[in-house]
1. Restricting to segment 10-49, count the residues that are farther than 25 Å from ALA321 by Cβ and touching a residue at least 40 places away in the same chain (Cβ under 8 Å).
2. Select, from VAL149, VAL117, VAL100, VAL121, the only residue that is of a type in the set (Val, Ile, Thr), touching a strand residue (DSSP E or B) at 6+ places or on another chain (Cβ under 6 Å) and farther than 30 Å from PRO316 by Cα.
3. For segment 50-67, check the following and say yes or no: at least one residue is touching a Lys or Arg at 6+ places or on another chain (Cβ under 8 Å), modelled with pLDDT of 95 or more and within 30 Å of GLU378 (Cβ to Cβ).
4. For SER101, only one of the following conditions fails: (1) at pLDDT below 95; (2) of a type outside the set (A, V, I, L, M); (3) in the same structural domain as PHE276 (by TED's automatic domain parsing); (4) surrounded by fewer than 17 Cβ atoms within 10 Å (Cβ to Cβ). What is its number?
5. Among the residues that make up segment 28-35, is at least one of them buried (at least 21 other Cβ atoms within 10 Å of the Cβ), under 20 Å from the mean Cα position of the chain (by Cα) and on the phi < 0 side of the Ramachandran plot?
6. Looking at segment 347-370, which of its residues are in a helix (DSSP H, G or I) and buried (at least 20 other Cβ atoms within 10 Å of the Cβ)?
7. Which of the following residues is under 29 Å from PHE202 (Cβ atoms), at pLDDT 95 or above and not β-branched (Val, Ile, Thr): LEU109, LEU168?
Amino acid sequence: MEKIKVGIIGTGFIGPTHIEAVRRLGFVEVIGLAESNQEAAEKKAAELGIPKAYGDYKDMLQDEEIQVVHNCTPNHLHFQINKEIILAGKHVLSEKPLAVSSQQSAELLALAREHQVVHGVNFNYRQFPSVRQLESMVRNEELGKINLVHGSYLQDWLLYETDYNWRLAPEVGGKSRAVADIGSHWCDTVQYVTGKKIAEVFADLGTVHPTRKRPKQNAATFGVNAGTREAQEQQFEDVPVNTEDLASVLVRFDDGTRGVFTVSQVSAGRKNRLSFEINGSLGSAFWNQEEPEKIWIGNRNSPNGVLLADPGLFNPDVNSAIHHPGGHNEGWPDALKNMMLHFYSFIRDGKNLSTDRPTFATFEDGHLSMLITDAILESHEHQKWTMVQVEQGVQQ
């Protein structure tokens with residue numbers, strides 16, 4: 001069988017992780033890479049062993065051999081590039097957020113449906129085996145009626161005022177940062193697990209550093225630690241910050257279930273801690289991405305326990321998500337591989353999003369994420385409960 005041919009646009013932090021995950025599938029081949037100029041593209045293509053290098057992504061989109069394109073660029077470029085990928089008739093996998101406004105994401109969703117391309121958004125946390133197990137447990141009512149969902153997504157990479165990255169600039173990263181960047185992952189994961197949609201929010205956003213010191217040299221995401229000598233020797237300039245470092249959000253789901261979550265990029269010691277707990281009428285369950293092989297199970301009248309990721313212990317409908325025997329921990333790169341596996345299997349098998357239900361996040365999920373972010377920003381501005389405005393034609 002001929003391999004599916006793929007092109008990647010953008011090779012910062014996330015682009016190479018996409019390439020690694022795709023290469024693990026076996027039936028997909030990355031043959032092209034696009035960067036901001038030809039020299040950078042050729043250098044990166046040589047490093048990653050990719051045969052074709054493009055200094056302009058538009059040239060890649062003219063390559064008839066490429067069937068699927070991954071958009072791994074900064075946030076402000078997502079809309080235009082996603083739009084052009086669709087118009088070129090190629091399947092598209094975009095990093096989130098899908099765009100920088102819900103008006104743009106609505107346009108992309110409509111365009112993708114019109115051109116009947118397979119469209120995906122990289123909400124990969126729903127692809128962890130333990131998360132899939134929790135979804136199965138909730139769906140099978142093993143926890144009973146869900147009464148409360150709560151949790152957080154905490155990081156520390158922007159703790160110091162000398163921490164700086166392009167995501168801090170609204171014109172590049174968008175009008176929301178912590179909520180759009182990591183809060184979107186929490187919301188998508190919890191909605192996937194519970195089968196419920198967030199319908200209403202009450203939000204409180206905060207900025208710890210209203211002014212930050214931007215290095216005069218470019219800073220990479222998750223780059224130099226501010227406390228190191230290298231960072232201390234850098235030269236800085238003061239820049240105002242207009243996006244949130246943290247947020248706490250009360251939520252009401254579409255069936256009336258209550259919830260609450262906190263996001264922060266200034267929590268010392270928390271590197272990438274997405275966590276949530278589900279409290280049901282029969283029991284509770286807790287999961288933490290920094291210990292992804294463990295699910296804590298809480299009981300009222302019997303001892304609590306920890307369920308370890310193991311194909312012999314997980315529900316049968318989850319076995320396809322776990323690829324190694326018990327005790328062989330699977331983490332973030334494996335969840336990303338699962339995302340790619342579901343996306344590319346859908347394409348390989350000739351399925352259509354208008355008739356077949358996908359096991360990966362689509363532009364529909366990406367658009368709903370944008371609508372939730374809009375509601376959170378509006379709620380914070382007006383300090384009141386705000387409905388998520390889901391328009392007709394988008395499933396809620």
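The values are calculated or read from the model by the stated rules, or taken from the named source; none is laboratory data. Being a predicted model, the structure only gives us computed values, none of them experimental. Every residue, glycine as well, gets a Cβ built from its backbone with ideal geometry; the counts of neighbours run over all protein chains shown.
1. Just the residues of segment 10-49 that are farther than 25 Å from ALA321 by Cβ, to begin with: 10-12, 31-49.
So of that shortlist, the ones also touching a residue at least 40 places away in the same chain (Cβ under 8 Å) come out as 10-12.
Within segment 10-49, residues that are farther than 25 Å from ALA321 by Cβ and touching a residue at least 40 places away in the same chain (Cβ under 8 Å) number 3.
2. On the way: VAL149 fails: farther than 30 Å from PRO316 by Cα; VAL100 fails: touching a strand residue (DSSP E or B) at 6+ places or on another chain (Cβ under 6 Å); VAL121 fails: farther than 30 Å from PRO316 by Cα.
Of the residues listed, the single one that is of a type in the set (Val, Ile, Thr), touching a strand residue (DSSP E or B) at 6+ places or on another chain (Cβ under 6 Å) and farther than 30 Å from PRO316 by Cα is VAL117.
3. No: zero hits.
4. Among (1) at pLDDT below 95; (2) of a type outside the set (A, V, I, L, M); (3) in the same structural domain as PHE276 (by TED's automatic domain parsing); (4) surrounded by fewer than 17 Cβ atoms within 10 Å (Cβ to Cβ), the lone unmet condition for SER101 is (3).
5. Restricting attention to segment 28-35, the residues satisfying the condition of being buried (at least 21 other Cβ atoms within 10 Å of the Cβ) are 28, 30, 32-35.
In the following step, the residues that additionally are under 20 Å from the mean Cα position of the chain (by Cα) were identified as none.
No; the residues of segment 28-35 include none that is buried (at least 21 other Cβ atoms within 10 Å of the Cβ), under 20 Å from the mean Cα position of the chain (by Cα) and on the phi < 0 side of the Ramachandran plot.
6. Our first condition is that a residue be in a helix (DSSP H, G or I); within segment 347-370, this holds for 347-348, 363-370.
Listed by number, the residues that qualify are PHE363, GLU364, ASP365, GLY366, HIS367, LEU368, SER369, MET370.
7. Details: LEU168 fails: at pLDDT 95 or above.
Checking each option against the conditions leaves just LEU109.
Listed here are the residues, each with its yes/no results for (1) among the acidic types (Asp, Glu); (2) touching a Cys at 6+ places or on another chain (Cβ under 7 Å).
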{"site": "GLU2", "(1), (2)": "yes, no"}
{"site": "ILE14", "(1), (2)": "no, yes"}
{"site": "VAL28", "(1), (2)": "no, no"}
{"site": "GLY89", "(1), (2)": "no, no"}
